[in-house]
Amino acid sequence: MRFVVKRCGVCFSPPSIVLIYENKENKVRKRVIPVRHFYRYSNCSLAAESLKNHPRHKDYLESVSQIQLERLYVILRDHLQGFTLEHSLASLQVDPDEDMNKLGDEELARKKSQMDEVFEKNRTHREDPDFVYDLEVDFSKTAKEKCSWDEDSDDGF
């Protein structure tokens, strides 16, 4: 790896992706990658994939994940649609009380990939020093809530 990306972000005017990276000589550099042919209804995952595979930017984006690039494109797309930065960042967070059945296919896939990323970050592997095989956890028993359908189903069973 010739370049190590330290930070990445977006610039709204002109639309571009900004990378702060360190090269072989340990010098910190800034690279501004212009975003062309990206509109308010563009597919963020396709745009991120094409940028990551672009021959001019491939070496610089090697250490940046596809999901991170998609997030940056979502922020750019939301800006083009007129949303604020706070709204864009809030839409990237996974809300545990949100009803996933009401989401569109693209947004549902994005939320699932975010949940997978959090799962992989919190997952313990066999090589980890904290790994315990066949871990048993005793959850404290809370008071059981009564439901109306429980009372009606006691017909001799």
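The values are calculated or read from the model by the stated rules, or taken from the named source; none is laboratory data. In this text the structure is predicted, and so the values were computed from the model without any measurement. Here the Cβ positions follow ideal geometry from the backbone for every residue, glycine too, while neighbour counts run over all protein chains shown. When the accessible area is computed, the model is the full protein with side chains, heavy atoms only, and any ligands, DNA or RNA have been set aside. Shrake-Rupley method; radii C 1.70, N 1.55, O 1.52, S 1.80 Å.
Data table
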quantity	calculated
Cα→Cβ-extended label distance, 7 Å offset, between residue 56 and residue 144, nm	6.7 nm
Principal axis dimensions, the chain - Cα atoms, whole angstrom, descending	75, 44, 24
Charge dipole magnitude, Cβ of K and R +1, D and E -1 - the chain, Cα centre, debye nearest 20	2060 debye
Accessible carbon and sulfur surface of the chain relative to its total accessible area, %, 1.4 Å	50 percent
Segment 9-82, relative contact order [Cα under 8 Å, separation at least 6], %	30 percent
Karplus-derived 3J(HN,Hα), 6.51/-1.76/1.60, for each residue of segment 9-17, Hz, glycine and proline x	x, 10, 10, 7, 9, x, x, 7, 10
Mean Cα-pair separation over length for segment 5-45, i.e. relative contact order, pairs under 8 Å, 6 or more apart, %	30 percent
Ranked packing of 123-130, 90-97, most packed first, by mean Cβ within 10 Å	90-97, 123-130
Degrees separating the helix 105-122 axis from the principal Cα axis of the chain, which is the longest one	80 degrees
Rounded to 10°, Cα long-axis angle of helix 66-80 versus longest principal axis of the chain	80 degrees
Under 23 Å, Cα to Cα: Lys pairs in segment 51-154, sequence gap 8 or more or different chains	7
Peptide ranges 13-21, 81-89, 39-47, 66-74 listed from the most packed, as the mean C-beta count within 10 angstrom indicates	66-74, 13-21, 39-47, 81-89
Segment residue 107-residue 18, length gained on full extension (0.36 nm per residue, minus Cα span)	29.6 nm
Relative contact order %, the chain, counting alpha carbon pairs below 8 Å whose residues are six or more apart	15 percent
Heavy-atom surface of the chain, accessible at 1.4 Å and reported per residue (Å²)	79 Å²
